[in-house]
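This report refers to the structure that appears directly beneath it.
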Amino acid sequence: MRRLLALLLLLQALYVGTAQAKRPLLQLVVTQPYIEMRSGPGRGYPVTYVVGRDEVVTVLFSRTDWYKIRASGGQEGWTRRADLAETQMISGEAAPIPPYPDFTTHRWEVGAGYGVFNHENLATAWGDFALTNSLDAELVVQQAFGTIDNRYIATFGLRHTFLPDFKWISPTAGIGFGYQYVQDREPPAPLQKSNQLAYISLGLRGFITRRFMWRADWRKYEVFTNQNQNEEPDEWKVGLAVFF
Amino acid sequence: MESRLSSVLLATVVILSGCSWFHRGEKAPAEVVAEEPQGEPSIVEPQVPRREIKTPKIKARDFEIGGYYGALSIQDFGTNPIYGIRAAYHVTEDIFLEGFLARSKAGTTSLEDVFPDITVVSDSGRHFTYYDLDLGYNVLPGEIFLGRGRAFNSALYATFGLGDVKFANKDQFALNFGAGERLLITDWLAVHLDVRDHVFETDLTGRTKNVHNIEATFGLTAFY
């Protein structure tokens with residue numbers, strides 16, 4: 001409990017520290033007939049104020065697709081990304097509202113999912129960086145819950161996406177290496193607690209909506225042991241990811 | 001003599017201008033007539049640094065991080081305090097991803113209370129630790145009114161996810177689902193009330209069964 005309180009205090013201190021560092025705020029000129037300001041960052045919140053053409057608004061910060069703005073009279077409210085993207089800077093240039101990330105050319109991807117590793121439950125999470133539109137470097141961390149042991153597996157690999165322009169479904173293939181740590185649940189203890197491993201994978205990926213995508217993968221591992229035979233487990237998994 | 005000199009000069013000018021006609025398609029270099037300062041140096045030397053215009057960046061506050069404290073009812077092992085940390089990323093106005101990490105300590109089963117000599121779980125095994133990876137959906141976003149002049153943004157959300165529960169020194173695959181209420185005190189500070197159930201399979205009390213471990217917690221988070 002004390003640790004938790006200390007953490008909260010630290011967070012608070014961090015926040016105050018960043019909040020007090022004065023940043024210049026972006027000012028934009030409304031070019032459309034008017035833009036609406038809502039009381040909250042969501043489509044259902046009521047409109048509380050309307051800013052007219054040629055008026056200047058200050059952009060405070062954003063949350064998801066909504067931007068908190070301040071009108072010249074001091075009124076504050078939330079406006080949607082699409083509305084703000086049509087405004088202009090005071091210099092006359094277009095407002096620097098970043099476009100929606102495009103699925104085909106996205107750079108980063110973070111996801112998690114469920115799988116089956118050697119007939120055992122598997123929890124998986126991954127981070128992915130696109131080197132090109134069709135080649136990704138991926139880091140995967142997962143835990144397999146067996147009846148006699150519990151494994152932590154971390155892998156790093158490359159994955160190629162065939163037909164990256166196919167938005168809804170496109171096949172992938174990958175290769176990589178990693179490390180596993182085996183924690184004993186029931187005796188006898190495993191002969192080796194940690195192993196190096198390598199894998200090949202085949203999979204599918206696709207776009208869902210906005211910034212969401214799905215991924216399904218099959219992997220065949222080669223776990224290098226100090227026995228006469230290597231272990232060759234396989235794995236199925238499905239997951240949901242967000243791309244940036 | 002004078003007229004001869006002037007005619008030579010005139011001819012040169014005509015020929016040169018004729019030559020320049022052939023180059024009319026090219027861009028003639030801008031002629032700079034710079035008067036060499038003779039003797040007196042110029043008094044004003046313009047040294048105006050170029051102004052750099054930086055477009056201010058808009059800060060995105062999509063991340064939420066904080067802690068929570070409450071009560072966890074561990075099936076067969078009584079209700080005990082629980083504390084944890086949580087971090088969320090808000091993807092859209094409706095959907096967010098959230099991770100939890102928490103710890104509690106189990107009490108004794110009724111069997112152990114009645115027969116103090118029996119121990120179902122060793123003392124070190126009574127720690128109940130979990131991590132969860134969840135997907136959340138803001139089912140009922142809205143506002144909560146306090147008196148006449150105050151309104152707080154809020155959302156009732158549902159979460160579903162998977163993770164690990166470590167209990168009795170064993171890791172179990174666990175599913176969790178629940179609902180919570182998020183109340184934003186300011187734009188960056190939120191209060192949470194959550195109820196979640198962690199379900200996993202165990203044979204700890206003799207036969208294999210699914211156990212439900214329901215927690216009710218109070219949380220405090222900051223958006224950044």
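Since every read-out is calculated from the coordinates, none of them should be taken as a lab result. This structure is a prediction, so every number in the text was calculated from the model and none was measured. Here the Cβ is made from the backbone with ideal geometry for all residues, glycine too, and neighbour counts use every protein chain on show.
How large is the convex hull of the Cα atoms of the stretch B:163-224 per residue, expressed in Å³ as a whole number? Display every interim value, and only then the final one.
Details: hull volume 5.9 nm³, N = 62.
Once divided by residue count, the hull of the stretch B:163-224 is 95 Å³.
The stretch A:88-163 and the stretch A:35-74 have Cα centres separated by 33 Å.
Taking only C-alpha pairs under 8 Å that are 6+ residues apart, what is the relative contact order of the stretch A:25-99 in percent?
On the way: 165 pairs, mean separation 23.7, N = 75.
Relative contact order comes out at 32 percent.
For the set A:Lys193/B:Lys166; A:Lys167/B:Lys57; A:Lys193/B:Lys209; B:Lys166/B:Lys209, the pairs lying more than 23 angstrom apart at their alpha carbons are A:Lys167/B:Lys57; A:Lys193/B:Lys209. Along each principal axis, taking the top coordinate minus the bottom one, the Cα set of the stretch A:108-243 gives 49, 24, 20 Å in descending order.
The stretch A:34-88: D in µm²/s via Stokes-Einstein (Kirkwood Rh, Cα pairs, 37 °C, 0.692 mPa s)? Numbers along the way, then the final one.
On the way: Rh = 10.9 Å.
Diffusion coefficient, whole number: 301 µm²/s.
Bridgeable lysines around B:Lys59 (alpha carbons under 21 Å apart, same-chain partners fewer than 8 residues away excluded): A:Lys22, A:Lys68.
Here the translational diffusion coefficient of the stretch B:81-125 follows from Stokes-Einstein with Rh set to the Kirkwood radius across Cα pairs; for 20 °C and 1.002 mPa s it amounts to 155 µm²/s.
Counting only DSSP beta bridges with both residues in chain A, the antiparallel share comes to about 100 percent.
With Cα atoms as the point set, the stretch B:43-83 shows a radius of gyration and Dmax of 29.3, 93 Å. Taking Cα centre as origin and charging only the Cβ of basic (Lys, Arg, +1) and acidic (Asp, Glu, -1) residues, the dipole magnitude of the protein assembly as shown rounds to 800 debye. Summing charges over all other residues whose Cβ lies under 14 Å from the Cβ of A:Arg107, with Lys and Arg as +1 and Asp and Glu as -1, gives -4. For the protein assembly as shown, the residue among A:Ile153, A:Gln143, A:His106 whose Cα projects farthest onto the positive side of the dipole built from Cβ charges is A:His106.
Let me check I've understood the local charge: for B:Leu193, count other residues with C-beta under 12 angstrom from its C-beta, Lys and Arg +1, Asp and Glu -1. What total comes out?
Numbers: positive: B:Arg182, B:Arg196; negative: B:Glu181, B:Asp194, B:Glu215.
Spelling it out: positives minus negatives among the neighbours equals -1.
So how strong a dipole does the stretch B:63-223 carry about its Cα centre when Lys and Arg Cβ are +1 and Asp and Glu Cβ are -1, to the nearest 20 debye? Don't skip to the end; give the middle numbers.
Working: 12 positive and 21 negative charges, 52 e Å.
Once rounded to the nearest 20, the dipole reads 240 debye.
Amide H to amide H distances under 5 Å link B:Phe128 with B:Ser104, B:Lys105, B:Ala106, where only residues 5 or more positions off or on other chains count and H is placed in the peptide plane. Taking one quarter of the surface of the C-alpha convex hull of the protein assembly as shown gives a mean projected area of 42.1 nm².
Restricting to DSSP H runs of at least four residues, report the calculated mean residue ellipticity at 222 nm for the protein assembly as shown, -39500 (n - 2.57) per run over all residues, nearest 500 deg cm²/dmol.
Values: 4 runs with 50 residues, N = 468.
Helices in the protein assembly as shown give a 222 nm mean residue ellipticity of -3500 deg cm²/dmol.
From the C-alpha coordinates alone, can you work out the Kirkwood hydrodynamic radius of the stretch B:63-223, in Å?
The Cα-based Kirkwood calculation yields 16.7 Å.
For the stretch A:12-122, taking Cα atoms only, Rg and Dmax work out to 19.0, 64 Å respectively. Size of chain A: Rg and Dmax of its alpha carbons, in Å, are 24.7, 78. Put a plus charge on the Cβ of each Lys and Arg, a minus charge on the Cβ of each Asp and Glu, and nothing anywhere else: the dipole of the stretch B:113-175 about its Cα centre is then about 380 debye. Fewest-first ordering of B:Tyr83, A:Tyr152 by other beta carbons within 10 Å of each residue's beta carbon gives A:Tyr152, B:Tyr83. The alpha-carbon of B:Lys105 sits under 14 angstrom from the alpha-carbons of these aspartates and glutamates, leaving out residues fewer than 8 places away in its chain: B:Asp76, B:Asp123, B:Glu215. In the stretch A:108-243, Cα pairs under 8 Å separated by at least six residues give a relative contact order of 22 percent. Mean sequence separation of contacting Cα pairs (under 8 Å, at least six apart), scaled by the length of the stretch B:63-223, corresponds to a relative contact order of 22 percent.
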